[in-house]
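Notes follow the structure.
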Amino acid sequence: MPDETNSLQVRIEPWAGADLDLLYRLNTPEMLEHLGGPETEEQLLARHKRYVEIGPKGTGRMFGIVLLPSLEAVGNIGYWERNWQGATVYETGWGILPAYQGKGIATMAAAAAMASARAERKHRYMHAFPSVDNPASNAICRKLGFQFVAECSFEYPPGSIMRCNDWRLDLGESEA
């Protein structure tokens, strides 16, 4: 039996107005278990607006993840500026619909997003802050060459403190 993960291909595409439906599909208790749960309609629409506007503002990029050759939208990934410990860095995050998790899609999409951030040559470091209770996202960070920095407390969503792992990638280093 062929290994499905070896035959999958993905592409990341800049977030667009038409991606609102995907954001609704990602806004479920299962998908947001480690991030404080689903957002309200108002919060979701505000997030979509930020995603659409981030690229033109030059403060990061958001992408839809599409499976090839079907062009089915299966998740999102992006990076955005944040001040972290006195420096401006990129933070990255992703979400893959449950039916597509565990197939390497997030890893492939994250590698493409990292290449996009590297090409910008804007910030030296990219950080990921997965929950300490999210083994899948922590494994993706390890696979992609992020270095574990430390556990930290992180306010997300606003008003809620979560325990995260701080993973850092040096965007100045060449890809492996």
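The values are calculated or read from the model by the stated rules, or taken from the named source; none is laboratory data. Because the structure is a prediction, the values reported are computed rather than measured. Note: ideal-geometry Cβ built from the backbone for every residue, glycine included; neighbour counts use all protein chains shown.
General remarks:
- The number of residues in region 46-99 being in a helix (DSSP H, G or I) and hydrophobic (A, V, I, L, M, F, W, C) comes to 4.
- When region 86-124 is filtered for residues that are among the aromatic types (Phe, Trp, Tyr) and surrounded by 19 or more Cβ atoms within 10 Å (Cβ to Cβ), the ones remaining, listed by number, are Tyr90, Trp94.
- Residues that are of a type outside the set (Val, Ile, Thr) and over 23 Å from Leu23 (Cα atoms), drawn from region 87-124: Ala87, Ala115, Arg118, Ala119, Glu120, Arg121, Lys122, His123, Arg124
- Flag if Ala46 is within 14 Å of the chain's Cα centre (by Cα) and of a type outside the set (Asp, Glu): no
- Across region 133-176, the number of residues qualifying as modelled with pLDDT of 80 or more, within 28 Å of Arg121 (Cβ to Cβ), over 15 Å from the mean Cα position of the chain (by Cα) and in a strand (DSSP E or B) comes to 6.
- Every listed requirement among (1) under 19 Å from Arg61 (Cα atoms); (2) at pLDDT 95 or above is met by Arg124 save one, (2).
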